[in-house]
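The values are calculated or read from the model by the stated rules, or taken from the named source; none is laboratory data. As the structure is a prediction and not an experimental result, all values here were calculated from the model. When we count neighbours, we look across all protein chains shown, and the Cβ atoms used for this are built from the backbone with ideal geometry, even at glycine.
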């Protein structure tokens with residue numbers, strides 16, 4: 001499994017959020033999540049300009065096994081989506097924490113990030129799930 | 001992440017266009033098939049065609065010209081049908097059928113969910129001329145026999161499920177039954193002037209059709225988690241219950257194959273919050289005659305007659321998703337239904353008789369042929385027989401679970417008694433040897449055993465959902481255990497070879513990822 005980057009925050013449901021320098025928050029699913037799903041075949045993206053709510057579904061990832069909602073780790077306006085996923089959903093399988101990002105948000109309240117879990121706690125969560 | 005719902009739409013095309021597409025698609029699939037299996041190709045019936053060849057013995061005895069069709073309207077070009085002999089046709093279709101896997105040939109541990117044995121007597125009786133030739137528009141006076149069967153089936157199903165408000169046979173499939181059930185719940189709230197109740201609670205282990213039905217009826221889906229022991233998290237349920245709760249949809253036994261032990265407490269909580277309970281009848285096979293959804297507190301239920309009541313299905317139907325209700329939902333039942341007059345004759349219940357009905361779900365009265373088979377099945381088994389179905393289905397599942405655990409497989413819920421199905425997880429084998437649930441499924445095919453359901457429910461990693469059904473003998477179950485034990489040894493000894501299965505099927509492993517990624521269904525000549 002890939003190393004979990006230290007600059008990410010996580011939801012227990014395996015989404016990550018990364019605060020970038022310009023105050024934008026990038027969102028994706030974890031490497032563990034892509035491993036569980038298996039080969040992705042389709043990603044349903046929101047539209048730029050959509051308002052998303054923390055804890056509500058903001059995208060859908062579909063593999064040969066299952067289709068799963070991706071929950072938003074933070075509320076705000078979608079300002080960018082990863083259009084490359086339309087043609088190559090497997091980018092998430094290849095690089096979940098990097099090129100496989102799903103969308104970028106301008107957060108209404110960046111403080112919400114503090115409620116998310118840090119990489120160490122997320123790694124522990126995976127260990128306990130993995131017993 | 002969580003379960004998701006998708007909808008699909010079909011473009012409207014003329015019938016002719018669709019037929020042409022089908023023919024073209026056949027050619028395309030055939031070319032694909034040829035490219036995949038090379039010299040082992042099967043020919044299309046058209047490729048056997050030789051000009052002038054025909055089967056004289058099969059010609060209709062009377063072939064008069066249709067004198068009543070005007071000359072200008074008569075066809076002048078040939079029909080373009082394949083020209084083949086009787087033996088060509090027999091061999092062609094026999095060979096095609098041998099590429100099929102069916103419960104008529106081998107064990108099918110997908111269970112009642114997909115394939116349960118259909119007793120031949122049900123077909124024989126349902127195929128009598130009087131039933132086959134009855135036109136759906138035939139007047140009531142000429143349909144009394146059929147209507148009596150349907151009335152008795154309504155009564156039997158209401159009794160088996162304990163639904164005091166009766167049963168409608170109108171839905172044509174399980175999914176349509178679900179839609180009807182949720183529509184009735186919504187209609188009930190609206191009729192009481194309660195416009196706020198629009199939330200449908202669904203456990204995370206639910207069938208994907210549950211949230212889909214809720215959404216189709218204008219509901220919002222709230223998900224509740226399942227605890228590690230397989231029961232619903234009641235504390236989480238309490239948090240989502242409230243003045244917006246329209247109802248909850250439950251499968252019991254659940255999709256993970258265990259009986260929800262707190263169902264009465266759940267029913268009480270949901271009713272106190274003003275919501276209703278919907279029973280997904282997918283796993284009714286496990287409790288027939290033992291415990292009734294009506295007694296558990298459910299207000300609406302659909303039954304998959306094509307599963308539990310053993311009518312043929314698979315490959316898209318036809319199904320029958322009869323719905324039953326508690327007394328408070330009776331006015332909303334879909335029409336038509338059959339009623340019995342005081343004089344002992346039978347008649348249709350129509351909109352004027354039930355003004356609050358959610359209406360019709362199809363042009364006529366459900367899938368008549370399927371309903372008849374379910375009727376024969378229920379009558380043939382009787383009260384005691386239906387109970388034995390549940391007992392044997394449960395006994396077979398628990399026997400198989402125990403035996404598989406003995407040979408080294410991990411049960412997902414070892415501390416729980418299985419219902420009619422149980423889950424094995426090969427997560428341990430995946431970690432140790434890199435073999436997956438899919439590899440086991442494919443390897444079973446080489447032993448003439450159909451794969452069980454895999455990767456469902458999503459809660460359990462690398463899972464196989466195994467359901468033997470009540471009609472399999474101990475010998476068959478023991479054989480299955482033997483094969484699974486062999487596979488386990490192969491997976492340990494030589495995982496690379498193991499992952500290459502199947503080797504004996506007409507087609508080997510298909511590229512399911514490519515097939516799903518490149519959903520290019522249009523034909524490019």
Inset, instruction - Confirm whether residue B:459 is surrounded by fewer than 21 Cβ atoms within 10 Å (Cβ to Cβ) and either closer than 29 Å to residue B:117 by Cβ or touching a strand residue (DSSP E or B) at 6+ places or on another chain (Cβ under 8 Å) (or both). - result: yes
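Here is a yes/no grid of residues against (1) assigned by TED's automatic domain parsing to the domain that holds residue B:189; (2) assigned to a helix (DSSP H, G or I); (3) without any contact (Cβ under 8 Å) to a residue 12 or more places away in the chain:
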{"residue": "B:356", "(1), (2), (3)": "yes, no, no"}
{"residue": "B:362", "(1), (2), (3)": "yes, no, no"}
{"residue": "B:376", "(1), (2), (3)": "yes, yes, no"}
{"residue": "B:393", "(1), (2), (3)": "no, yes, no"}
Inset, instruction - Would you list the helices (runs of 4 or more DSSP H) that sit entirely within segment A:29-104 and hold 2 or more residues that are within 11 Å of chain B (Cβ to nearest Cβ) and crowded, with 20+ Cβ neighbours inside 10 Å? - result: A:31-37
Legend entry - Where a residue in segment B:497-517 is away from every other protein chain (no Cβ under 14 Å) and its partner, wherever it lies, is surrounded by fewer than 14 Cβ atoms within 10 Å (Cβ to Cβ) and part of a loop (DSSP other than H, G, I, E, B), with Cβ under 6 Å and at least six apart: B:506/B:99
Inset, instruction - Select from segment A:101-120 the residues that are touching a strand residue (DSSP E or B) at 6+ places or on another chain (Cβ under 8 Å) and over 13 Å from residue A:54 (Cα atoms) and list them in ascending order. - result: A:101, A:102, A:103, A:104, A:117, A:118, A:119
Inset, instruction - Out of B:397, B:418, B:405, report the one residue that is within 23 Å of residue B:226 (Cβ to Cβ) and at pLDDT below 95. - result: B:418
Legend entry - Candidate set: segment B:290-304, residues that are out of contact with any strand residue (DSSP E or B) (no Cβ under 8 Å at 6 or more places or on another chain) and over 14 Å from residue B:326 (Cβ atoms); chosen: the one surrounded by the most Cβ atoms within 10 Å (Cβ to Cβ): B:304
Inset, instruction - Give B:310, B:362 a once-over and let me know the one that is surrounded by fewer than 24 Cβ atoms within 10 Å (Cβ to Cβ) and within 22 Å of the chain's Cα centre (by Cα). - result: B:362
Inset, instruction - Go through the residues of segment B:459-474 one by one and say whether even a single one is more than 14 Å from every other protein chain (Cβ to nearest Cβ) and part of a helix (DSSP H, G or I). - result: yes
Inset, instruction - For residue A:96, state whether it is closer than 28 Å to residue B:430 by Cβ and free of Cβ contacts under 8 Å to residues at least 40 places away in the same chain. - result: no
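Conditions (1) farther than 19 Å from residue B:407 by Cβ; (2) surrounded by 22 or more Cβ atoms within 10 Å (Cβ to Cβ), marked per residue:
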position: B:424; (1), (2): no, yes
position: B:427; (1), (2): no, no
position: B:451; (1), (2): no, no
position: B:484; (1), (2): no, yes
position: B:491; (1), (2): no, yes
position: B:497; (1), (2): yes, no
position: B:508; (1), (2): yes, no
position: B:513; (1), (2): yes, no
position: B:517; (1), (2): yes, no
Legend entry - Residue satisfying condition, being surrounded by fewer than 14 Cβ atoms within 10 Å (Cβ to Cβ) and either in contact with a helix residue (DSSP H, G or I) (Cβ under 6 Å, 6 or more places away or on another chain) or part of a helix (DSSP H, G or I) (or both), within set B:87, B:81, B:125, B:153: B:87
